[in-house]
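Please treat every number below as a calculation from the coordinates, not as lab data. Computed from a prediction, not measured in an experiment: that's the story for all the values here. With ideal geometry, Cβ positions are generated from the backbone for all residues, glycine too; neighbour counts draw on all protein chains shown.
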Amino acid sequence: MATALALSMLTIYFAAAALSPSITSASKAVKYSVSSYGAKPDDKTDSTNAFLTAWNKACSSPSPSTVYVPAGRFYLKNVAFQGPCKTKSIMFRIDGTLVAPSDYSVIAKVGNWILFRHVNGVIVSGGTLDGQGASLWSCKAAGKSCPAGASNSQNVQINGLTSVNSQLFHIVINGCQNVKVKGVKVTAAGHSPNTDGIHVQSSAGVTILNSRIGTGDDCISIGPGTTNLWIENIASGVKVSDVTYQDVHGSSRTEVAVKFACSKSNPCTGIRLDGVKLTYENQAADSSCQNADGTASGVVQPSSCL
């Protein structure tokens, strides 16, 4: 199954992806450094084509491959890393920071900043994604006519990634199977609108653990819609199942920190909460469930509505 996973709708978006049962160690992989193809860690040189070249080399290789991003700040416009690939094992190793344009008009109308589409067996590891969403938040706060914004990220793993200041959702998992998110840190200012930490929809086999989320909107959202964003035309066709949230801590700008808004005809099933602690202004937060079923164990705050 192919799907999309995105990081930072202005940070990452994963669509139609799946995780292979085993991924070869990066030490055995052929490495393609973005610096070898012209990427500059100077915070201003457009490195989009260099990243795409490194990805295409790795994707077309029959052997396990690594796309390597060294230390430094690399400026990227919106980019889509497309599959399917010849190899079933790609490590996207980030030691530096990926930086979005500070001018939101450059990519906000696209809908996502970094997109992985139709990939299988990809690990995104380490690094920081800087969505530079402050200018778009200010535009919205002033009541001006502004674009909605872009978002961040199937058989995919996200390990130790940091996402800051996304324009919209930080990590989006849409139409995916077998996705594991571990050790992720998500941060956005309290006044940032619609900067949900992790949004999951139309997916199965998703696990989120050992992560810290502090956003201007829902820390975790699931289903066809979320705060101020309801996708009515596909609500009846969305199916989310077997999603686990384990050892997730964070804070929310809104009183409802956990929101499960699922389709009546295709309710969310198999949702599991284990060791979740989310607060609102250093106080107890609320949770909201609509057509969702699951279990809770260990310390779960806010109290589970499943």
Debye, to nearest 20: dipole size of the range 259-306, +1 on Lys, Arg Cβ, -1 on Asp, Glu Cβ
120 debye
I want to check the label-to-label distance for Val106 and Lys57. Put each point 7 Å from Cα in the C-beta direction and report it in nm to one decimal.
2.4 nm
Alpha carbon centroid spacing (whole Å) that separates the range 241-306 from the range 35-102
34 Å
Can you tell me which lysines have their Cα less than 16 Å from the Cα of Lys144? Leave out same-chain residues fewer than eight positions away.
Lys109
Of Ser105, Val124, Ser65, which is farthest along the charge dipole of the range 31-127 in the positive direction, counting Lys and Arg as +1 and Asp and Glu as -1 at C-beta?
Ser65
